[in-house]
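Visitor: Attaching a single structure in structure tokens format; questions to follow.
Derivation of every value follows stated rules applied to the coordinates shown; laboratory data play no part. Since this is a predicted model, take the numbers as computed values, not measurements. Please note: Cβ atoms are built from the backbone with ideal geometry, for glycine as well, and neighbour counts cover all protein chains shown.
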Protein chains: 2
Amino acid sequence: MTQPRLLGLSGSLRRASNSTAVLRGLHDALAPRAALSIFALHGIPLYNEDDDGEHAPESVRALRSAIETSDGLIMISPEYNHGMSGVLKNALDWASRPFGRSALRGKPVLTMTTSPAFTGGVRAQQQMNETLVAMPARLVLRPQIVIGGVHEKVSDGRLVDEAALRFALAGVDDLLDEVRAARFLRAAA
Amino acid sequence: MTQPRLLGLSGSLRRASNSTAVLRGLHDALAPRAALSIFALHGIPLYNEDDDGEHAPESVRALRSAIETSDGLIMISPEYNHGMSGVLKNALDWASRPFGRSALRGKPVLTMTTSPAFTGGVRAQQQMNETLVAMPARLVLRPQIVIGGVHEKVSDGRLVDEAALRFALAGVDDLLDEVRAARFLRAAA
């Protein structure tokens, strides 16, 4: 198939984010098999229904459009307080609208979490999946890509640990299968 | 005891928010037994660890201080995508820091959810409680105040339905018990 266009969203905004570093590592490892572009969430405002609709903020329209034109998404978050970051949940609240016509509807999505702890943020990932079921997105549920001890696996802003990278790439393989399945279903519709 | 000072946080920012309307209804029904002030989350930025610490944003310092000086909190959220709003989660991510020294640590908190649906946002409430356990806050777990069909119970920006108000006030009674318990434990320490 033509080169799949993947969109990456990171739930952490800090410059030295380990989650964003995983996306950068995947970007390099995937080229030229798939193109992964990262959409930074810094400019997304707090969700307010009064501001949504025809005159939705420019950054929100850009996010929805980037999701719409992608073949699939990789979402990654640190675990904050047993869940995904509010930053990512807030972006997903915008992306879920308009109700019933979300750009994420039927879109293949692979979720990942990172943590300095050995648990790898697995509770946050459960929450991300539950949130995405609501759209409903086309979730890749196995393997569950949880990366523990992540601070020791990142160097110069990129995931460099070979085992972790191989593990994450196995998830992306399944995501690319879902991208093919979604294309097949669209073509057959 | 002296009049308890309660702080109300609403996960919805829209002007006609039903969740905020519940807080306003409680404010009126509780006076003068307890003082409930509402802290609007509109000005809280997206969480970014790079911006935290000594030079944390003014609005974040105001939120932490309002929590610190309150005797207990009422948090209420609509259900967005099976969870609490990203707006509220983002505020709680800020409030949870600094790690181990959150203003919410040991603070009595009553969670509530609202929904136009009959389910009342109960999944969101589960998520709020799980998030607050991480601080750890002093949670009031029963009764679970979920208000379904909320749009029919609000008028002029206030909860007016008598049965719903009675139900919510029963939750506040338990919150006030926890406020007394927390005061007792502090005095005995």
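Visitor: Averaged over peptide A:45-53, how many Cβ atoms belonging to another chain are found within 10 Å of each residue's Cβ?
Guide: 6
Visitor: Per DSSP helix of 4 or more residues, -39500 (n - 2.57); summed, then divided by the residues of the protein assembly as shown. What does that give at 222 nm, rounded to the nearest 500?
Guide: Value at 222 nm, helices only, nearest 500: -12500 deg cm²/dmol.
Visitor: Of A:His27, A:His55, A:His151, which is the most mobile in a GNM of chain A whose springs link Cα atoms less than 10 angstrom apart?
Guide: A:His55
Visitor: Would you mind telling me which residue in B:Ala56, B:Ala137, B:Ala21 has the biggest mean-square fluctuation in a Gaussian network model of chain B, where springs connect alpha carbons within a distance under 10 angstrom?
Guide: B:Ala56
Visitor: Taking a ≥ b ≥ c as the square roots of the eigenvalues of the Cα gyration tensor of chain A, is the shape rounded (a/c under 1.5), prolate (a/b larger than b/c) or oblate?
Guide: oblate
Visitor: Moving on. Could you give the DSSP H helices of chain B that reach 24 angstrom or more along their long axis (alpha carbon positions) and whose average Kyte-Doolittle hydropathy is no lower than -1.0?
Guide: Once both thresholds are applied, what remains is B:162-188.
Visitor: Would you please put A:31-39, A:124-132, B:8-16 in order of how densely packed they are, using the mean number of other Cβ atoms within 10 angstrom per residue and starting with the highest?
Guide: Peptide ranking by packing, descending: A:124-132, B:8-16, A:31-39.
Visitor: While we're on this one: Quick check on the protein assembly as shown: what are the equivalent-ellipsoid semi-axes from the Cα gyration tensor, as sqrt(5λ), descending, whole Å?
Guide: Output for the protein assembly as shown: semi-axes of 38, 24, 17 Å.
Visitor: Measure out, as a whole number of angstrom, how far apart the alpha-carbon centroids of the range A:75-143 and the range A:164-186 sit.
Guide: Each part reduced to its Cα centre gives a spacing of 16 Å.
Visitor: Inside 10 Å of the C-beta atoms of B:86-98, what's the mean count of C-beta atoms belonging to other chains?
Guide: Mean number of neighbouring Cβ atoms from other chains: 5.
Visitor: Give the lysines whose C-alpha is closer than 23 Å to that of A:Lys107, dropping any in the same chain fewer than 8 places away, or say none.
Guide: Within the straight-line limit of under 23 Å, A:Lys107 reaches these lysines: A:Lys89.
Visitor: Sticking with this structure for a sec: State whether the range B:1-59 is rounded, prolate or oblate according to the following rule on the C-alpha gyration tensor (a ≥ b ≥ c being the square roots of its eigenvalues): a/c under 1.5 gives rounded; otherwise a/b larger than b/c gives prolate, and the remaining case gives oblate.
Guide: oblate
Visitor: Do you know the relative contact order of chain B, to the nearest whole percent, from alpha carbon pairs under 8 angstrom that are 6+ apart?
Guide: Relative contact order of chain B: 25 percent.
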